[in-house]
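Below you'll find the structure, written out as structure tokens, and then a few comments.
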Amino acid sequence: SGAIVVRAPGKLFVAGEYAVVSPGEPSVLIAVDRYLTVSLTESVDAGSIHSPEYSRMPVRWTRGQDGLTLDREHHPYDYVIAAIEASERLRAERGLHPRFFDLHIESGLDDPSGRKFGLGSSAAVTVATIAAIDEFYGFELGTRGRYELAMLATIAVAPNASGGDVAASTYGGWIGYRSPDRDRLRAARSAHGVAAVLGSDAWNGSEIIRLAPPVGLELLVGWTGHPASTERLVSGVSRGTNVTGDAHAGFLEASRDCVEDLWRALAVLPDAGAPGDAGSDGTLALDAIRRNRRLLQALGERTGVTIETERLRILCDAAEAIGAAGKPSGAGGGDCGIVLAPADADVAGLLRVWETNDIRHLTIGVHPPEGDN
Ligand code: MEV
């Protein structure tokens, strides 16, 4: 029996960041045409995980008042282990005979020099591992089941993750996403097991819808050259946020407002593979992205977290100067910014401003929607 080889795409957030961490709040993401590949081969008496990129990932320690602290991001292997553990639970609950396997991981999501672009490698490695094990054991999870199992694995590592990146990596294309209530999922998992949670009403409130790509708007991605830590930014924002306060309720409502405009502008697709010519409303989409950028600026000011760094400001201002719309993608603090530009915009002029300011144009396209199964 040969290797099972599965690839999962990276993602970019288009709108709704930070708000989507609250269950039920909407966001928009795309899957991108850069991939992480997992190869699974059956082994005899122990399993293993290998990766040329991730085995070199540094761990930093710092000296604080109370001694040494390990300043460590979640390592991609944490997600691989969580994916194996969730699958193992499902295997046992289904009464399948246990087997061992070796996993070989290759990430094409980051800069060849080793710096992270922020394209969602944690989600992609989780999704690809789940897909490979699904095939290995013949779980027949289908698209939704793979998203759900990958999501259970993800929140075992990062309790507050919205899972938008997991959904984008599983479904492909442009998606609208509302996150499930993760506390409820964890409680259901420990009370009833993994198999009982899949497809259950513990997911109520979450939503994944396929959106039509915008017609007549060009997608551009700029990389700031500064890798950012989503974990640190998200916990900084939540520390600086009074979640029950009026200001945060106002932020959620305003974010919901522009993301739902974007959903309308991008016409919901009835099913996978339908042509994306439903006639999107470019003006409405551009306006929604510009408003979302302002909201994230205000959220950063209110919480004292630099979401839009100087480099991101230049990246987005240059987009607005040519009649396009730009915003930080994801948690901000570095990584990438995305731009949607109308067909008649001076894109060459925008790229010159980026180049002068050391912002790298990443030639990234959209990974097409996966068929439902
Ligand atoms: C980070 O990529 C996007 C955030 O909304 C966090 C999340 O969705 O988990 C800031």
**Asked** Is there a residue being at pLDDT 95 or above, under 26 Å from residue 180 (Cβ atoms) and within 16 Å of the ligand (Cβ to nearest atom) anywhere in the stretch 128-143?
**Response** no
**Message:** Which condition from (1) free of Cβ contacts under 8 Å to residues at least 12 places away in the same chain; (2) out of contact with any Phe, Trp or Tyr (no Cβ under 6 Å at 6 or more places or on another chain) is the one that residue 86 breaks?
**Reply:** (1)
**Prompt:** Is it the case that some residue within the stretch 64-78 is in contact with a Gly (Cβ under 8 Å, 6 or more places away or on another chain) and either part of a loop (DSSP other than H, G, I, E, B) or crowded, with 20+ Cβ neighbours inside 10 Å (or both)?
**Reply:** no
**Request:** Would you point out which residue out of 242, 292 is at pLDDT below 90 and under 25 Å from residue 161 (Cβ atoms)?
**Result:** 242
**Request:** Just one of (1) in contact with a His (Cβ under 9 Å, 6 or more places away or on another chain); (2) within 16 Å of the ligand (Cβ to nearest atom) trips up residue 105, so point out which.
**Result:** (2)
**Asked** Are there any pairs, at least 6 apart or on different chains, whose C-beta atoms fall under 7 Å, with the first in the stretch 319-332 and in contact (Cβ under 8 Å) with a residue 60 or more places away in the chain and the second near the ligand (Cβ under 10 Å from one of its atoms) and among the small types (Gly, Ala, Ser), and if so, which?
**Response** 330/118; 331/228; 332/228
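So in the stretch 13-41, with the set limited to residues that are acidic (Asp, Glu) and outside any strand (DSSP E or B), which one is farthest from the ligand (Cβ to nearest atom)? Can you show your working first?
Keep residues of the stretch 13-41 that are acidic (Asp, Glu), which gives 17, 25, 33.
When the remaining residues are screened for being outside any strand (DSSP E or B), the result is 17, 25.
Working: 17: 4, 25: 9 Å.
Here the residue is 25.
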**Message:** Out of everything in the stretch 20-53 that is aliphatic (A, V, I, L, M) and touching a Lys or Arg at 6+ places or on another chain (Cβ under 7 Å), what residue ends up being nearest to residue 163 (Cα to Cα)?
**Reply:** 29
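Any residue that is in contact (Cβ under 8 Å) with a residue 24 or more places away in the chain and closer than 14 Å to residue 100 by Cα - is there at least one of those in the stretch 55-72? Break it down into steps so the answer makes sense when it comes.
Residues of the stretch 55-72 that are in contact (Cβ under 8 Å) with a residue 24 or more places away in the chain, as a first pass: 56.
Narrowing the set further to residues that are closer than 14 Å to residue 100 by Cα leaves none.
No, every residue in the stretch 55-72 fails to be in contact (Cβ under 8 Å) with a residue 24 or more places away in the chain and closer than 14 Å to residue 100 by Cα.
Go through 23, 52, 98 for me and flag whichever is surrounded by fewer than 15 Cβ atoms within 10 Å (Cβ to Cβ), modelled with pLDDT of 90 or more and not aromatic (Phe, Trp, Tyr).
Numbers: 23 fails: surrounded by fewer than 15 Cβ atoms within 10 Å (Cβ to Cβ); 52 fails: modelled with pLDDT of 90 or more.
The conditions single out 98.
Residue-by-condition table, conditions (1) more than 16 Å from the ligand (Cβ to nearest atom); (2) among the small types (Gly, Ala, Ser); (3) at pLDDT below 95:
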| residue | (1), (2), (3) |
| --- | --- |
| 169 | no, yes, no |
| 179 | no, yes, no |
| 189 | yes, no, no |
| 192 | yes, no, no |
| 195 | yes, yes, no |
| 201 | yes, no, no |
| 211 | yes, no, yes |
| 214 | yes, no, yes |
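The values are calculated or read from the model by the stated rules, or taken from the named source; none is laboratory data. In this text the structure is predicted, and so the values were computed from the model without any measurement. Methodologically, a virtual Cβ is constructed for each residue, glycine included, from the backbone with ideal geometry; neighbour enumeration extends over all protein chains shown.
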